[in-house]
Amino acid sequence: MSATTPVTVESIVNALRSTLKLALEECFEKHHGYMLDPDEHFFATLDGISAAEASAPVSSNGTNIAAQVNHTRFYIDAILDTVRTGEYKKLDWNSSWQIGAVDDAEWQALIAGLRRAYDEVISLAAGFDDWNEETIGGAVGLVAHSMFHLGQIREGIAVVRDRGVS
């Protein structure tokens with residue numbers, strides 16, 4: 001928007017939608033050059049990780065990459081449910097981390113679940129009009145939370161590969 005363009009509710013909503021879409025695309029599937037280098041987004045990162053690598057604990061008291069993916073999907077689903085129902089539900093967040101060793105089919109199913117959740121949030125955001133402090137905060141939190149876990153996964157795979165898991 002230029003200094004001469006009047007700011008309207010519609011222009012702000014459109015800016016929120018497009019900014020959220022760009023940020024989520026950058027995090028999950030498409031390089032825009034705002035936050036990541038090319039091919040560092042979620043789906044490019046996950047595409048190069050085997051089920052054995054996803055299953056290996058990152059540390060002796062830590063979780064594995066498969067659980068990071070499941071937790072990220074769980075969070076997106078929680079945001080989607082809150083926006084659709086208007087209710088904040090008490091969730092069992094610990095359950096989102098309870099992923100042990102996975103085989104190839106289970107690993108691909110976890111990635112597909114994350115893809116489905118991502119596609120749903122992109123679709124919902126494209127037509128979303130009810131922006132307020134809570135929904136804007138949720139959108140910022142969604143991007144920040146997803147980027148955090150992408151970073152955890154990228155660091156985790158480096159650790160797992162340094163140990164020779166493949």
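Points to keep in mind about this one:
- Among residues of the stretch 91-103 that are over 14 Å from V69 (Cα atoms), those with a beta-carbon under 6 Å from a residue that is of a type in the set (G, A, S) and not in a loop (DSSP other than H, G, I, E, B) at least six positions away or on a different chain give the pairs L91/A78; D103/A51.
- Of all the residues in the stretch 16-46, those that are more than 15 Å from the chain's Cα centre (by Cα), charged (D, E, K, R) and either outside any loop (DSSP other than H, G, I, E, B) or under 28 Å from N132 (Cβ atoms) (or both) number 1.
- When each of V83, V13, V7 is tested for being outside any helix (DSSP H, G or I) and out of contact with any helix residue (DSSP H, G or I) (no Cβ under 6 Å at 6 or more places or on another chain), the lone residue that passes is V7.
- Just one of the listed residues (I49, I76) is outside any helix (DSSP H, G or I), modelled with pLDDT of 95 or more and either aromatic (F, W, Y) or crowded, with 18+ Cβ neighbours inside 10 Å (or both), namely I49.
- The set of residues from the stretch 122-166 being surrounded by 15 or more Cβ atoms within 10 Å (Cβ to Cβ), over 30 Å from E53 (Cα atoms) and of a type in the set (S, T, N, Q) comprises just one member, T135.
- Filter result (assigned to a loop (DSSP other than H, G, I, E, B) and either β-branched (V, I, T) or in contact with a Gly (Cβ under 6 Å, 6 or more places away or on another chain) (or both)) within the stretch 86-111: I99, V102
The values are calculated or read from the model by the stated rules, or taken from the named source; none is laboratory data. Quick caveat, the model's predicted, so the values are computed rather than measured. Note: ideal-geometry Cβ built from the backbone for every residue, glycine included; neighbour counts use all protein chains shown.
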